[in-house]
1. Under 13 Å Cα to Cα from Lys126, which aspartates and glutamates show up? Leave out anything in the same chain fewer than 8 places away.
2. What fraction of the Cα pairs in the stretch 98-182, stated in percent, has a spacing above 15 angstrom?
3. Rounded, prolate or oblate: which one fits the stretch 53-197, using the alpha carbon gyration tensor with axes a ≥ b ≥ c (rounded when a/c is under 1.5, else prolate when a/b beats b/c, else oblate)?
4. All other residues with a Cβ under 9 Å from the Cβ of Ile229 taken together, and with Lys, Arg as +1 and Asp, Glu as -1, what is their net charge?
5. List the aspartates and glutamates whose Cα sits under 17 Å from the Cα of Lys37, skipping any in the same chain fewer than 8 residues away.
6. Please report Rg over Rh for the stretch 40-94, where both radii come from the alpha carbon positions and Rh follows the Kirkwood definition.
7. Past the 31 Å Cα-Cα mark, which pairs from Lys49/Lys188; Lys55/Lys99; Lys49/Lys99; Lys55/Lys188?
8. Along the Cα→Cβ direction, 7 angstrom out, place labels at Glu211 and Leu154. What is the inter-label distance in nm?
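Derivation of every value follows stated rules applied to the coordinates shown; laboratory data play no part. This one's a predicted model, so the numbers in the text were calculated from it and none came from an experiment. All Cβ positions, even for glycine, are placed from backbone atoms using ideal geometry, and neighbour counts span all protein chains on display.
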Amino acid sequence: MKTYLRLFMIAPLAGLLALTGCASTPSPQVTGSITHKDAQKGVSFWGQKYRKSPKDREVALNYASALRRVGQSTQAVAVLQQASFVHTNDTVIQSAFGKALAANGQFEQALNVIQAAQRPDLPDWKLVSAEGAILDQTGQHDVARQRYGYALQLSPQEPTILSNLGMSHVLTGDLAQAENYLRQAIAKPEADKRVRQNLSLVVGLQGRFDEAEQIARAELSPEEASANIAYLRSLLTQENTWDKLKKANG
């Protein structure tokens, strides 16, 4: 069974593990600043709020996000599906719903949701980029990059799109091009920490571990950054690792 790289702005090692598509790959001990215990607390916190206010837009988005962090993707889909019925014209809700479906392996339905939410007269770059990310997860990389190109026409130099485009090139093994797009992305002041984490991953995949750790330390504690890079280093020393990464998504 294949597991595809989640391209919706993820922590580096979590993304790398998804890219491998290999059930025998060991899990890292550190994937970011949010521990599993923290994530469970988030589920409890937002779950209580959701029970009280199931139609609240922000509550639904945060609850679904918390559920996805602990691997409860089916429940996250259900939460966002209900939210999509209430907030029918909300592109953020529809985009989140489509992404949750994709994370749950429901790619065709995810594309249908994203495309149905799009308005041809007022196209939303977020939906176009999300569509590209879903296409990447199904191996349609050329088509996905066309969608990213269109998204960049709608919102030039948007770091989220550039980061997704960079991670698209990771999937096909073009790390130099991936790094190029990610460096363009982090040069923008509005780029969030996940863009920098993706760059750290790509630099590390090229064997520049010290540089990758330095980049990661801008967002993670020194201990977390070191642990992430140590795990990445150990993974890449395994025989034919990169070939396995590409074949898992070929």
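1. Of all the aspartates and glutamates, those that pass the test against Lys126 - Cα under 13 Å, at least 8 places apart if same chain - are Asp90, Glu158.
2. More than 15 Å apart: 54 percent of the Cα pairs in the stretch 98-182.
3. Prolate is the answer for the stretch 53-197, as a/c is 1.5 or above and a/b outweighs b/c.
4. The answer is -1.
5. Those aspartates and glutamates meeting the cut-off are Glu224.
6. Radius of gyration relative to Kirkwood radius: 0.94.
7. Lys49/Lys188; Lys55/Lys188
8. Distance between label points: 3.4 nm.
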